[in-house]
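S.K.: Take a look at the following structure, please.
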Amino acid sequence: MAQEPTSQPTSPPARPAPRLSRDALVAAICGFVVVLMVGAAYAAVPFYNWFCRTTGFNGTTQVAKSAPTAKPLARTIAVRFDSNVAGGLPWKFEPEQTEIQVHIGEVTTVYYTVTNQSARATTGQAAYNVAPLTVGAYFEKINCFCFTEQSFGPGEKREMAVVFYVDPSIVEDHENDSLNSITLSYTFYPVRAEKPVAAGEPDRRARPPG
């Protein structure tokens, strides 16, 4: 008597992964990427500023900790001074001398005059660079009003000093063999006075670019 074939037990079909779990994973990955991109954007600003200060890129001058120890060189160069005020800041801002001759490596002090022409207290901060842009790596400032915000009372007038020297190593850069003048340029931007920022709140006060 023929036996009927016995049916083999079949495995239950595999269940698809829950959609909710896949969506949560995708959302988590997307969120991580967004956080990473935002963090990179914020990190790029201080990195760019550090890069400019270190290399002199885009005409950014250097900040010297002390005067050079070697004697100044015989070679001289003309340094010109430019001054500008951005809109919204009622200041008169000008150098006391528009051009001087300095020896390379010689520590020099020059003065700018600033007058607040309004009847209210105002605050500004200067952005600065030098031209040609490639000279930024050799222009060393020991002291400068541009390092901090400057506040003036109504009608106040003030002299502000810049102490600098041109690094003697510039003579080793043969791209500057024909260089005979450097222009130091400042632009003052307004810093709006606002009520103190509460703890944990972002500081939205205006800052100069760069």
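The values are calculated or read from the model by the stated rules, or taken from the named source; none is laboratory data. Everything numeric here is computed off the predicted structure, so don't read it as measured data. A quick note on method: Cβ atoms are made from the backbone with ideal geometry, for glycine too, and the neighbour counts reach across all protein chains shown. Side chains included, ligands, DNA and RNA excluded: accessible areas come from the protein's heavy atoms. Shrake-Rupley method; radii C 1.70, N 1.55, O 1.52, S 1.80 Å.
S.K.: With respect to V163, is the statement that it is part of a strand (DSSP E or B), under 20 Å from V79 (Cα atoms) and β-branched (V, I, T) true? Before you say what the answer is, go through the steps one by one.
M.R.: Values: part of a strand (DSSP E or B): yes; under 20 Å from V79 (Cα atoms): yes; β-branched (V, I, T): yes.
Spelling it out, V163 is indeed part of a strand (DSSP E or B), under 20 Å from V79 (Cα atoms) and β-branched (V, I, T).
Matching residues to (1) more than 20 Å from the chain's Cα centre (by Cα); (2) open to solvent by 70 Å² or more (accessible area, probe 1.4 Å):
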residue	(1), (2)
S118	yes, no
G124	no, no
A127	no, no
A161	yes, no
E172	yes, yes
S178	yes, yes
S181	yes, no
S185	no, no
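S.K.: Answer yes if at least one residue in the range 52-68 is modelled with pLDDT of 90 or more, open to solvent by 50 Å² or more (accessible area, probe 1.4 Å) and part of a loop (DSSP other than H, G, I, E, B), and no otherwise.
M.R.: No, there is no match, as no residue in the range 52-68 is modelled with pLDDT of 90 or more, open to solvent by 50 Å² or more (accessible area, probe 1.4 Å) and part of a loop (DSSP other than H, G, I, E, B).
S.K.: Out of the residues in the range 72-87 that are small (G, A, S) and in a loop (DSSP other than H, G, I, E, B), which is farthest from Y128 (Cα to Cα)?
M.R.: Top of the filtered list is A74.
S.K.: Quick one: which residue in A121, A127 is more than 13 Å from Y165 (Cα to Cα), modelled with pLDDT under 95, touching a strand residue (DSSP E or B) at 6+ places or on another chain (Cβ under 9 Å) and not hydroxyl-bearing (S, T, Y)?
M.R.: A127
S.K.: Could you go through the range 100-110 and let me know if any residue there is closer than 11 Å to Y186 by Cβ, open to solvent by 70 Å² or more (accessible area, probe 1.4 Å) and without any contact (Cβ under 8 Å) to a residue 40 or more places away in the chain.
M.R.: no
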